[in-house]
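First comes the structure, then the notes that go with it.
The values are calculated or read from the model by the stated rules, or taken from the named source; none is laboratory data. These numbers come from a predicted model, not from an experiment. Every residue, glycine among them, receives a Cβ derived from its backbone with ideal geometry; neighbour counts consider all protein chains shown. Just the protein is used for accessible areas: all its heavy atoms, side chains included, with ligands, DNA and RNA removed. Shrake-Rupley method; radii C 1.70, N 1.55, O 1.52, S 1.80 Å.
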Amino acid sequence: MELSTAPADAVAVVAARLGDAVSGLPPGDGVGVFGGVYLQVTDALVQRLGEDGYFGSPVDVARLDTLFADRFLGALGADAPPACWRPLLDLRLHPGIRPVQFALAGMNSHIEHDLPLSVVDSCRSLDCPPQELEADFHRVNDLLAGVEQQVRDELLTLPPELDVADPLLHLLDAWSIDAARDAAWASARMLWELRGKPEAYAAAAAALDRSTGMMSRCLLTPLRDVRDLREASRQTAMIS
């Protein structure tokens, strides 16, 4: 895959495609929530690609980002989306799921499944092993870490009376972007080693799809209803 424009311009095109895909969605739609987060990451990447020396190979980073976005956009329009995206697509309008859960579930699906496959696709097109992309891959980590914290700050508003044992706190603490990126890199290297064995590659990719989907579904556990029931139980106990 060759880029016909400057790297920052190529990623700006990706941002426009993402914006078109999620524009007009109803408030609270889980896909729209994740799409807004994805646009923040893409905008930050455009800015960094415009800085001399931040990435070792801006062209390769832009190529990877385009392939990466294609997987999410493809899942949105697919009749049978990958297993990793089904939880978000199935539960996108569930009233018992908080926006931060939608955001993290989308990040989990995109990073732990789509990213390693996109790295392999990039390496195939460049005819190089993943190690040659490693330095720039890890430079993106700083951008993602900043966005993840911003997402948590913007989308997670906890009531002051929230108990430290509340399931939401444990759920959100169970996922971190650093761990997800490390897992994605390990998966990319494993898949690259299997590239010459089609059956083994397909089996490993399918297993990665399923396991990522399981984690995304856990992140989307409805929790508002649980708190409502707890409050109702308290009120009933007080009356009785």
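Restricting G96, G28, G56 to residues that are within 24 Å of A188 (Cα to Cα) and in a loop (DSSP other than H, G, I, E, B) narrows the list to G56.
Pairs are defined by a Cβ separation below 7 Å, a sequence spacing of at least 6 or placement on different chains, a first member in region 199-211 that is open to solvent by less than 40 Å² (accessible area, probe 1.4 Å), and a second member that is of a type in the set (G, A, S); the pairs so defined are L208/S187; D209/A83.
Here G74 fulfils each of the conditions (1) surrounded by fewer than 17 Cβ atoms within 10 Å (Cβ to Cβ); (2) within 20 Å of V151 (Cβ to Cβ) apart from (2). In region 27-42, is there at least one residue being farther than 15 Å from E154 by Cβ, open to solvent by 40 Å² or more (accessible area, probe 1.4 Å) and either among the basic types (K, R) or at pLDDT 95 or above (or both)? Scanning region 27-42 turns up no residue that is farther than 15 Å from E154 by Cβ, open to solvent by 40 Å² or more (accessible area, probe 1.4 Å) and either among the basic types (K, R) or at pLDDT 95 or above (or both).
Among residues that are open to solvent by less than 40 Å² (accessible area, probe 1.4 Å), within 21 Å of L208 (Cβ to Cβ), in a helix (DSSP H, G or I) and at pLDDT below 95, L104 is included. Against the list (1) touching a Gly at 6+ places or on another chain (Cβ under 9 Å); (2) within 24 Å of L191 (Cα to Cα); (3) in contact (Cβ under 8 Å) with a residue 60 or more places away in the chain; (4) surrounded by fewer than 23 Cβ atoms within 10 Å (Cβ to Cβ), the condition P81 fails is (3). Restricting L133, L126 to residues that are modelled with pLDDT under 95, surrounded by 16 or more Cβ atoms within 10 Å (Cβ to Cβ), of a type outside the set (G, A, S) and more than 22 Å from Y38 (Cα to Cα) narrows the list to L126. Residue check: R63 meets all listed conditions (1) modelled with pLDDT of 95 or more; (2) surrounded by fewer than 24 Cβ atoms within 10 Å (Cβ to Cβ) but one, namely (1). Of these, D9, D52, D20, which one is farther than 23 Å from C123 by Cβ, modelled with pLDDT of 90 or more and over 20 Å from the mean Cα position of the chain (by Cα)? Exactly one of D9, D52, D20 is farther than 23 Å from C123 by Cβ, modelled with pLDDT of 90 or more and over 20 Å from the mean Cα position of the chain (by Cα), namely D9.
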